[in-house]
Structures are given as structure tokens and as C-alpha cells.
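Let me begin by presenting the structure, written as C-alpha cells, before commenting on it.
The values are calculated or read from the model by the stated rules, or taken from the named source; none is laboratory data. This structure is a prediction, so every number in the text was calculated from the model and none was measured. Quick reminder, even Gly has a Cβ in these numbers, built from the backbone with ideal geometry, and neighbours come from all protein chains shown. The protein model used for the area step is the full one, side chains on, heavy atoms only, and it has no ligands, DNA or RNA in it. Shrake-Rupley method; radii C 1.70, N 1.55, O 1.52, S 1.80 Å.
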Amino acid sequence: MALLPVSDALDRLLRGAAPIRRSEMIGLHAAAGRVLAEDVAARLTHPAFDNSAMDGYAGRHEDFATIGAELTVIGQSAAGCGFTGHIGPGEVVRIFTGAPVPSGADTVLIQEDAEITADKRIRPTFAPAKGRHIRPKGQDFRAGDVVLRKGELLDAGRLTVAAGMNHPELPVFVRPKVAILATGDELLPPGSIPGPDKIIASNTYGVAAIARDNGAEVIDLGIVRDDRAAIAAAVAEARAAGADVLVTLGGASVGDHDLVQSTLVASGMTLDFWQIAMRPGKPLMVGTLDGMAVLGLPGNPVSSLVCALLFLEPLLRHLGSLPARDRGGKARTVTVLAANDKRQDYVRARLSRDSDGTLKAETFSRQDSSMMQVFAQSDCLIIRAPFAPEAKAGTICDVMILRQPAL
């Protein structure tokens with residue numbers, strides 16, 4: 001099977017996955033980062049009454065128009081405790097921000113523009129425009145107004161207005177469920193004492209973090225040995241849990257000990273493609289099993305993480321109706337980049353900034369796909385297209401940004 005270009009592989013993956021349209025009602029505190037499943041209309045009018053935008057004095061515009069005129073303070077209006085009387089000629093009410101504007105008043109004179117007399121009356125020192133410093137009823141929204149729309153991401157501003165519209169809960173699309181299955185006789189969980197021929201399983205934790213960071217609910221299926229029956233049982237567990245995506249770690253190739261692909265096919269998976277023209281991460285597998293997307297990631301930790309960023313992240317954001325995450329950028333190379341072969345390279349590098357703010361990318365000398373520490377210290381992946389010629393130091397190159405450098 002010919003190696004598939006990265007862009008073609010991603011396009012086929014996303015074309016074969018439909019966004020999830022199941023929804024649920026959740027409370028506002030849990031709704032941050034979720035996507036609205038329906039339009040949301042206001043249940044009340046806001047503001048519910050004309051109210052003051054400033055601390056000062058509510059009165060009639062014609063009375064404030066005469067600088068130095070003495071006006072009588074007949075009461076006060078505070079938030080939650082409005083003045084219930086009526087303002088007549090030559091009268092004002094002390095008013096505070098957010099308080100109801102009393103009957104008869106049409107303007108607020110801010111307290112800085114009022115001089116208090118010895119007998120507790122006031123004199124305007126400035127003539128405000130009519131209606132000044134009054135927030136009219138319904139200025140923000142009115143009952144029945146559709147303020148939030150289906151498909152919008154619930155951020156701080158949208159959650160605030162949802163609460164203001166008197167919604168304690170909101171309808172949101174359910175999060176994609178991602179089941180993660182690590183395979184290999186050599187794997188042990190963190191905290192174990194590895195004996196001969198054993199290693200500590202690490203991929204699950206990074207891949208799960210990427211999944212959660214992209215709005216998914218994670219189901220950890222643990223580690224299974226290289227045994228068809230054990231793998232089949234774990235796949236059945238993922239299906240029973242209602243997983244939208246099954247991610248397998250390792251064993252997706254076709255060697256004597258790589259049993260994942262053949263076991264999944266025997267379980268009913270339709271294999272779409274595998275083997276991508278990329279480094280690291282060539283043995284990536286994509287298929288579907290009874291509506292569940294299957295993504296087989298390589299076993300090497302860095303290969304697994306790079307493939308998760310390139311394929312799992314956009315898949316989950318597509319399924320969850322989240323906006324695509326743009327990790328693209330440009331940086332100037334610090335070192336020479338060797339000519340490339342037929343695979344697209346993702347070269348681990350540190351980022352820094354020139355004095356003019358231009359990003360600089362310095363590659364690590366060691367790029368082996370098993371080296372977790374190098375990936376953990378990387379700020380970006382320099383993207384080297386197939387058959388790219390040697391790039392001299394100072395060349396502007398495409399990068400996939402993992403984290404922004406410190407300023």
C-alpha cells in the first residue's frame with residue numbers, strides 16, 4: 001500500500017466523521033467550553049426597568065439646565081430598594097448605580113457635578129443632556145430575543161449573558177467519548193518495577209490529555225497483552241461504553257506481534273487506510289467499526305503524540321463542533337535543515353524570539369521517536385515537506401506550534 005500524504009489522510013478522516021448531534025442539559029458552571037445545541041432566547045427583559053448608570057441625583061432635565069439652581073433632595077433610590085414616590089419640579093432623588101430611576105425623572109446628574117448646600121439641597125454645576133446616565137429598560141435584550149445561537153462556543157461572555165437571561169441550564173452537544181487502549185506484552189503501568197524486557201506505558205496519558213484538551217470524555221481501557229481475545233474484549237468494552245472514537249496505541253502494523261489491525265478487522269472494522277507519508281508516525285491506522293471511528297496510533301511515544309495532534313485533535317473538534325485549532329506559524333531556523341526524503345518530517349524544536357519579535361526555531365540534535373524528554377521540551381514541530389531541499393540557517397519555515405515561547 002502506497003504511503004498516503006498527511007493532508008489527504010486528514011481530509012479522508014474528517015470526511016468520514018459526522019459531527020455528534022446528541023445533546024444534554026447541563027448547569028452553567030459545567031458549560032464552559034461546550035457548544036450550544038439550540039438557540040437560546042431571553043426569559044426576561046434586561047434591564048427590567050430604567051436604571052442609573054452612575055451615582056448622582058435623578059431629576060428633571062429642565063431643572064438641571066439652570067446652573068446654580070437650588071434643588072430639594074426628597075429621598076434616595078438604591079439598587080434593590082427604589083424610591084416609590086414621584087419627582088416634581090425643583091426636586092431630585094439621590095440615586096446610586098443600578099437603582100431604578102424614579103417616576104418623573106428623565107436625567108441623572110452625576111455627584112461630581114452637584115454642589116451640596118448647607119441645608120442639604122443641591123446646586124447643579126454642569127447641565128447634562130436630557131436622558132444622560134440612564135440605562136433604558138430593555139437596552140440589553142428583551143424577553144423572547146434570541147441572544148445565543150446553536151453552534152456557539154460557551155465562553156465567559158456567553159455564559160454571563162445566559163445567566164442574565166435567567167437560564168440555570170443550557171442545551172449543549174454531548175462531548176465525544178474517546179476510548180484509549182494500550183497494547184503490548186512489554187507494557188506496565190506507571191509506578192511498577194519493570195523487570196527484564198518491560199517498559200512503563202506512557203502514551204495513554206499524553207493522548208488522553210490531548211483528547212480532554214479538545215473537549216472529549218476519556219475512557220481508559222488500560223493495557224492489554226498481545227492476544228487477540230484480550231484485544232477483542234477491550235474493543236467490545238469500548239463499543240458497549242458508547243465510544244465515538246477508539247484510539248489504540250501500538251500494534252497497528254502487520255508484523256507477527258502486531259495484532260490490533262487484524263483483530264479489529266475480524267471484529268467488523270472497515271479499514272480506510274494506514275501508513276502515512278510522515279516521520280514520525282508512519283504506521284497510523286484509520287477505520288470505522290459500527291459507527292465508531294478507529295484511530296490506531298504508533299507505539300513510540302513521540303510518534304503517538306504527533307499523530308494525536310495531527311489527526312485526533314482535529315477529529316475531536318470536528319465531532320464536537322468546536323472551532324478548528326490553528327497551530328500554524330512561521331519561524332526562522334537557527335540551524336541547517338538537511339534535505340528531506342519522500343516523507344513529511346515533523347522536527348522537534350525550541351522557539352525563541354528575536355528583538356523584533358520574529359520567532360526562531362532551534363532543532364534538537366536528537367530526533368528519535370522514542371525520546372519523550374525532547375518532545376516535552378519542544379515548543380514547535382518544524383514541518384519539512386517531502387523532498388524539501390536543504391534549508392540554510394535563517395530560512396523561514398512552517399511550524400506547528402505546541403506552546404508559545406516566553407516573551
Between the helical axis of 228-240 and the dominant principal axis of the chain, each derived from Cα atoms, what acute angle in degrees is found, rounded to the nearest 10? 20 degrees
Please find the FRET efficiency linking residue 26 to residue 236, where r is the Cβ-Cβ separation and R0 is fixed at 30 Å, and quote it to the nearest 0.05. 0.55
If you roll a 1.4 Å probe over the heavy atoms of the protein chains, what accessible area per residue do you get for the chain, in Å²? 48 Å²
Specify the longest stretch of the chain that does not include any exposed loop site, a site being one of the chymotrypsin sites (Phe, Trp or Tyr not before Pro) with a non-H, G, I, E, B DSSP assignment and at most 12 other Cβ atoms within 10 Å. 127-386
Surface accessible to a 1.4 Å probe, residue 112 within the full protein complex, Å²: 130 Å²
Any idea how many Lys pairs in the chain come in under 26 angstrom at the alpha carbon, given 8 or more places apart or on separate chains? 12
Round to a whole number: what % of the accessible area of the chain belongs to carbon and sulfur, probe 1.4 Å? 52 percent
From the Cα gyration tensor of region 230-350, with a ≥ b ≥ c the square roots of its eigenvalues, which class applies: rounded if a/c is under 1.5, or else prolate if a/b is larger than b/c, or else oblate? oblate
Under the rule of at least 5 residues apart or a separate chain, name every residue whose amide H is placed under 5 Å from the amide H of residue 54. 98
Could you let me know the centre-to-centre spacing of region 127-164 and region 295-310, using Cα atoms, in angstrom? 45 Å
Run the 1.4 Å probe and let me know the accessible area of residue 330, rounded to the nearest 10 Å². 120 Å²
Is the C-alpha gyration tensor of region 338-377 telling us rounded, prolate or oblate? Criteria: a/c under 1.5 is rounded; beyond that, a/b larger than b/c is prolate, otherwise oblate. oblate
Principal-axis tilt of helix 6-15 within the chain, Cα atoms, nearest 10 degrees: 60 degrees
With label points built 7 Å along Cα→Cβ from the Cα atoms of residue 193 and residue 110, find their separation and express it in nm. 7.3 nm
Point-to-point label distance, residue 66-residue 156, nm (Cα→Cβ direction, 7 Å offset): 4.9 nm
Once the other residues with Cβ under 12 Å from the Cβ of residue 67 are scored (Lys, Arg +1; Asp, Glu -1), what is the net sum? -3
Region 218-299: trypsin sites (Lys or Arg not before Pro) falling in loop per DSSP and having at most 13 other Cβ within 10 Å: 225
Would you calculate a helix-derived [θ] at 222 nm for the chain, using -39,500 (n - 2.57) for each DSSP H run of n ≥ 4 and dividing by the full residue count, to the nearest 500? -5000 deg cm²/dmol
Ordering 167, 29, 318, 46 by accessible area with a probe of 1.4 Å, largest first, what comes out? 29, 46, 318, 167
Leaving ligands, DNA and RNA out of it, rank 94, 158 by accessible area with a 1.4 Å probe, largest first. 158, 94
Just the accessible area for residue 61, please: 1.4 Å probe, Å², rounded to the nearest 10? 60 Å²
Relative contact order [Cα under 8 Å, 6+ residues apart], the chain, whole percent: 15 percent
